[in-house]
Amino acid sequence: MAATRPHKLTSVKALAESPALSSIPSIYTFPKHTNDELFSDTEESIPTVDFSLLTSGNPDERSKAIQQLGKACQDWGFFMVTNHGVPESLMKAIIEACRGFFDLTEEEKREFQGKHVLDPIRYGTSFNAAVDKILCWRDYLKIFQHPQFHSPNKPPAFREIAAEYSKRVRQVAKEILRGVSESLGLEDNYIGKTLNLEHGLQVMAANFYPPCPQPELAMGLPAHSDHGLLTLLIQNQIGGLQVQHNGKWVNIDPIPNSFLANVGDHVEILSNGKYKSVLHRAVVNNRDVRISIAMPHGPALDAVVSPASRLVEDERNPPAYRAMKYKEYLELQQGSMLNGKSCLESVRNNVI
Ligand SMILES: O=C(O)CCC(=O)C(=O)O
Ligand SMILES: [Fe+2]
């Protein structure tokens, strides 16, 4: 029987909590994914960047850290950030605050249901339930936190914790992006200045993946790259994130109290493809609720992004991407079905 979309979409949390659920509705069934795809057989682990060395007053230590950062961006596009100075208690508090939000009643949450991808507060299910052909086993809450700070007004402690958390994470992201600029041979404030990071978009994307009775058939989030410059992610210590490295999927088990950082599409554009945004996805399990909080940091919404002129100077290295306003890119990526790096492909110049 053909899958029919429920008339009114309910959260996957409510679906997972329905007592009789022993199999998933067909609209959540992805084509076979985990068993027939390549998995990395090596015990390769993603690189680590020690943030304290990046901010070190010692120039030798800093330049070594920048070299490591550049290598991590080039080899993996994903890395762990340790010694970042954001209190572990704050990281735990924001995860619990997000859990508190998802634990609100369906009716309370519906109040925050966004309609447009640029709505500053947007609660929903799947990725883009209006256009997704297959629904993701995931509910989400996306909140714009910079340049204007927004917050739902419930649960009560949410606003205060989110304000502090986003402020602290933004400092970390800005510092890493200075390092990324420098590692590309640009001035350390190149990204900051050119893309107007003072007004840069910072989004909190909280993901809620309830236990799933048939995890091998469902998908939390299918393979995609992130739209911004740099995403910093934390999770509630339940695994599920997979990253593509050398054409194979690698399970990522972050170490506690660290951030997982990944290069977004706009660093790929700015670096003219030297640093690639990386495909990643979230799989689900049948035991535990998984919560992750991804924080993409992007250019200012009206900034036009193109490859840095210094990196496209000679004719052997022509610009590989078209210039485009970040806002337009965001609308395109968030308003479509999540499909690998198809959005980035659409701004690629066909260079022979
Ligand atoms: O849940 C995860 O680990 C991945 C989330 C993610 O990729 C995203 O929100 O963009
Ligand atoms: Fe992502």
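Every number here is computed from the coordinates shown, using simple stated rules; none is lab data. Note that the structure is a prediction, hence the values are computed from the model and not measured. Please note: Cβ atoms are built from the backbone with ideal geometry, for glycine as well, and neighbour counts cover all protein chains shown.
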Worksheet, complete the sentence: Whole-Hz Karplus couplings 3J(HN,Hα) for the stretch 152-168, θ = phi - 60° and coefficients 6.51, -1.76, 1.60, Gly and Pro as x, run x, 8, 8, x, x, 7, 4, 4, 5, 5, 5, 5, 5, 4, 5, 5, 5
Worksheet item: Say we join alpha carbon atoms closer than 10 Å with springs in a Gaussian network model of the chain; which of Gly264, Gly247, Gly70 then has the biggest fluctuation?
Response: Gly247
Discussion item. Let's test this: bin the Cα-Cα distances of the stretch 49-345 at 10 Å from zero up to the farthest pair and state each bin's percent.
Written reply: 6, 29, 38, 21, 5, 0
Discussion item. I'd like to compare 198-205, 307-314: which one has the highest average count of other Cβ atoms within 10 Å, and what's the full order after that?
Written reply: 198-205, 307-314
Item to complete: Starting from the Cα gyration tensor of the stretch 134-215, take the square roots of the eigenvalues, sort them a ≥ b ≥ c, and report rounded, prolate or oblate (rounded when a/c is under 1.5, otherwise prolate if a/b is larger than b/c, else oblate).
Response: oblate
Worksheet item: Got a sec to turn the phi values of the stretch 316-331 into Karplus ³J(HN,Hα) couplings, 6.51 cos²θ - 1.76 cosθ + 1.60 with θ = phi - 60°, whole Hz, x for Gly and Pro?
Response: 6, 10, x, x, 8, 9, 6, 5, 8, 5, 4, 4, 5, 4, 4, 5
Discussion item. Just to check I understand the Karplus step: with θ = phi - 60° and J = 6.51 cos²θ - 1.76 cosθ + 1.60, what whole-Hz values come out for the stretch 123-132, glycine and proline as x?
Written reply: 9, x, 10, 6, 9, 9, 4, 5, 10, 4
Discussion item. Quick check on packing: order 76-85, 251-260 by the mean number of other C-beta atoms within 10 Å, highest mean leading.
Written reply: 76-85, 251-260
Fill in: Three semi-axes of the equivalent ellipsoid, the stretch 74-232, Cα gyration tensor, whole Å, largest first
29, 20, 16
Discussion item. Give me, ordered by chain and number, the residues 5 or more places off Lys248 or on other chains with an amide H under 5 Å from its own placed amide H.
Written reply: none
Discussion item. Connecting C-alpha atoms closer than 10 Å in a GNM of the chain, tell me which of His266, His280, His150 has the biggest fluctuation.
Written reply: His150
Worksheet entry | Global geometry of the stretch 45-90, whether rounded, prolate or oblate, following the gyration tensor of its Cα atoms and the 1.5 cut on a/c | oblate
Practice prompt. Quickly estimate the mean residue ellipticity at 222 nm for the chain, helices only: each DSSP H run with n ≥ 4 gives -39500 (n - 2.57), and the total goes over all residues, rounded to 500.
Written response: -8000 deg cm²/dmol
